[in-house]
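The values are calculated or read from the model by the stated rules, or taken from the named source; none is laboratory data. Computed from a predicted structure; not experimentally measured. Note that each Cβ is placed from the backbone with ideal geometry, even for glycine, and that neighbours are counted across all protein chains shown. Ligands, DNA and RNA are stripped out before the accessible areas are found, and what is left, the full protein with its side chains, is counted by its heavy atoms. Shrake-Rupley method; radii C 1.70, N 1.55, O 1.52, S 1.80 Å.
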Amino acid sequence: MPNRTTTRVTHYHVQKKRRAEFLEEWRGYQKTVVAREDVAMAETAPGVRRGVYVGADGDRPTRTMDALAHELDPGTVTNVNRHSWDVMVFCVAGHGWAEIDGRRIDWGPGDSLHLPLWSWHRFGNDGTEPCRYLTFSAEPLMFTMGYSIYEDGGDTPYAELAPKPVQSPAIPGADPYARRSQRLAAEQDRRRNGRLHTDWDELELLNTPRGTRTTFLLDRAIGYQASGMSMAMFEIGPGRGQSMHRHPGEAWLYVVEGHGRSFLGTEPEVGEFHEWKKGDIIVVDHYLWHQHLNSDPDHTAKVVRIHMFDSLLDTMRVLMDPMVLFEEPPDAIRDKQAGDPSTIDWPALTRPTWEW
């Protein structure tokens with residue numbers, strides 16, 4: 001029997017129905033704040049626990065990034081694995097180690113790590129106390145495109161594991177085929193030689209016009225070669241707030257220290273406030289105006305922001321130009337909302353703490 005190419009209804013009606021159903025389903029999963037206590041930690045192996053802040057595996061599907069929590073008991077080592085997406089790691093409690101393509105990196109609370117795509121990696125805890133870390137990955141984006149591939153290596157030593165997928169060397173010449181080989185070879189060489197670790201003790205926070213002081217944790221500006229994700233931390237002064245702004249795309253904000261509230265609205269004066277505390281994740285989406293405020297009059301609040309910036313947002317900017325995809329008030333209004341960060345008596349930067 002010959003195949004039929006007709007859908008019996010028009011292309012227009014099929015796509016309209018599909019888009020409406022997708023948005024209705026997606027909005028049903030949408031969260032604004034995922035509380036620390038709502039992240040159920042499940043044992044995935046002896047001494048290894050995992051919980052989902054946002055992501056399909058925790059019944060909170062997302063489109064570009066997920067956010068998971070991991071815990072290791074003393075003496076525990078995870079299986080070695082690799083996958084077709086990269087991962088950003090923020091360490092929040094205890095001391096552990098990561099092995100990334102055979103290189104061991106010891107970490108403590110506040111450190112950041114990058115797991116490049118196709119890098120073999122495992123985590124371990126040689127200490128006497130549990131350790132905890134968060135991961136933010138591009139797996140949902142790869143899954144959407146059909147490129148989500150995972151490989152478990154068990155306890156195989158790194159020297160016996162399969163190498164990364166082979167990238168053919170560049171071909172001399174100026175024809176289109178040679179130029180493609182040169183471009184892809186150069187890109188893989190760059191991505192496979194990026195930075196892997198940021199030590200908390202190396203951080204320097206700088207004042208910004210938005211009323212906070214900030215620093216990159218993982219970003220191409222400081223030598224990382226991620227697939228598009230960027231991770232930064234900002235600190236809000238006691239009783240102060242970050243100025244308002246909006247942008248498309250998913251962004252997660254993990255509360256490292258402090259408590260406060262965030263305004264999210266369709267207009268700068270039309271919206272709601274959402275309370276947050278240490279250990280929660282604030283979900284910013286829907287191209288909403290948003291502003292993060294520190295409710296503590298005596299202590300600062302620290303928040304780690306993860307954004308799919310370089311790849312997805314830059315592509316959206318090109319495709320939707322001249323539409324403005326990042327918007328904030330005029331400088332005078334921004335400065336009034338933010339205040340002068342130089343008037344804040346910023347405390348010494350100390351590593352994060354965690355209450356088990």
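At-a-glance table
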quantity	calculated
Positive-pole candidate from W289, G271, A348, dipole of segment 248-356, charges at beta carbon	A348
Binned Cα-Cα distances of segment 237-329, short to long, each 10 Å bin given as a whole percent	17, 45, 30, 8, 1
Pairs of Lys in the chain closer than 23 Å at Cα, counting only those 8 or more apart or on different chains	6
Dipole in debye (nearest 20) - segment 188-286, about Cα centre, beta carbon charges: Lys, Arg +1; Asp, Glu -1	280
5 Å-binned pair-distance histogram of segment 174-244 (Cα, whole percent)	3, 13, 17, 15, 13, 11, 8, 6, 5, 4, 1, 1, 0
For segment 307-356, projected area of the alpha-carbon convex hull averaged over all directions, nm²	7.1
P(r) histogram, all alpha-carbon pairs of segment 53-169 included - 10 Å bins from 0, percent	14, 42, 35, 9, 1
D201-H286 FRET efficiency (beta carbon distance; Förster radius 51 Å; 0.05 resolution)	0.85
Stokes-Einstein diffusion coefficient of segment 110-189, Kirkwood radius over Cα pairs, 10 °C, 1.306 mPa s, in µm²/s	97
Longest DSSP-loop-exposure-free segment, GluC sites (Glu not before Pro), the chain, at most 14 other Cβ within 10 Å	1-203
Cβ charges +1 (Lys, Arg) and -1 (Asp, Glu), total dipole of the chain, debye	1460
Lys/Arg +1, Asp/Glu -1 at C-beta; segment 47-111 dipole; positive extreme among W85, V48, H70	W85
Translational diffusion coefficient (Stokes-Einstein; Kirkwood radius from C-alpha pairs) of the chain at 37 °C, 0.692 mPa s, in µm²/s	148
Neighbourhood charge, 13 Å Cβ-Cβ cut-off, centred on T44 and excluding it, Lys, Arg +1 and Asp, Glu -1	-3
Per residue accessible area in Å² of the chain, where ligands, DNA and RNA are left out and the probe is 1.4 Å	52
Where labels lie 7 Å past Cα in the beta-carbon direction, separation of R19 and Q188 in nm	3.8
